[in-house]
Amino acid sequence: ELFANFGWPGIISGMAIFGALICLLERTLSDPSMTDLEVAIGLSILWPLFYQDSNFSVMTGSVIPYTICIWIYFTGGLRILKFVFPERPSK
């Protein structure tokens, strides 16, 4: 698509931009100091970017909504769990 729309300059600049974005996402979502759960979530967010599909928009279009849904799920789920299972005072 880059070549059809922008020619050789589009390929060179577009692939550099896409590579920088993937590098930024990978460094953010798979940091060695993260817990196992955070790494698993980060890898599940990154997976569509590395699984080659026939359409670029299909690969990248789900990253932001999926990230938002995972964030809501875990933050809301933690609040629900704290409400259902309140902390017991220690003896």
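For the chain, the pair-distance distribution built from all alpha carbon pairs, in bins 5 Å wide starting at 0, is 2, 11, 15, 19, 15, 11, 9, 6, 4, 3, 2, 2, 1, 1, 0 percent. Spin-label model, residue 35/residue 79: points 7 Å from Cα along the beta carbon direction are separated by 1.9 nm. For the chain, a crude dipole built from +1 on the beta carbon of Lys and Arg and -1 on the beta carbon of Asp and Glu, taken about the Cα centre, is about 500 debye to the nearest 20.
Taking the chain as the reference, fit the longest principal axis to its C-alpha atoms, fit the long axis of helix 2-29 to the helix C-alpha atoms, and give the angle between the two in degrees, 0 to 90, nearest 10. With rounding to tens, the tilt is 20 degrees.
Take 64-70, 42-48, 27-33 and order them by the average number of nearby Cβ atoms within 10 Å per residue, most first; the result is 42-48, 64-70, 27-33. Report, to the nearest 10°, how far helix 36-50 tilts away from the longest principal axis of the Cα atoms in the chain, using its own Cα long axis and a range of 0 to 90°. The two axes meet at around 20 degrees.
Relative to the longest principal Cα axis of the chain, at what angle does helix 63-84 sit, 0 to 90 degrees, rounded to 10? So the inclination is approximately 0 degrees. Go through 90, 80, 67 and say which Cα lies farthest out towards the positive end of the charge dipole of the chain; charges sit on Cβ, +1 for Lys and Arg, -1 for Asp and Glu. Comparing the listed Cα positions along the dipole, 90 ranks first.
Hey, what number do you get for the chain at 222 nm if only DSSP H runs of n ≥ 4 count, each worth -39500 (n - 2.57), divided across all residues, to the nearest 500?
Computed ellipticity for the chain at 222 nm equals -26000 deg cm²/dmol.
Read the figures in this text as sums done on the coordinates, not as results from a lab. No experiment lies behind these values; they were computed from the predicted model shown. When we count neighbours, we look across all protein chains shown, and the Cβ atoms used for this are built from the backbone with ideal geometry, even at glycine.
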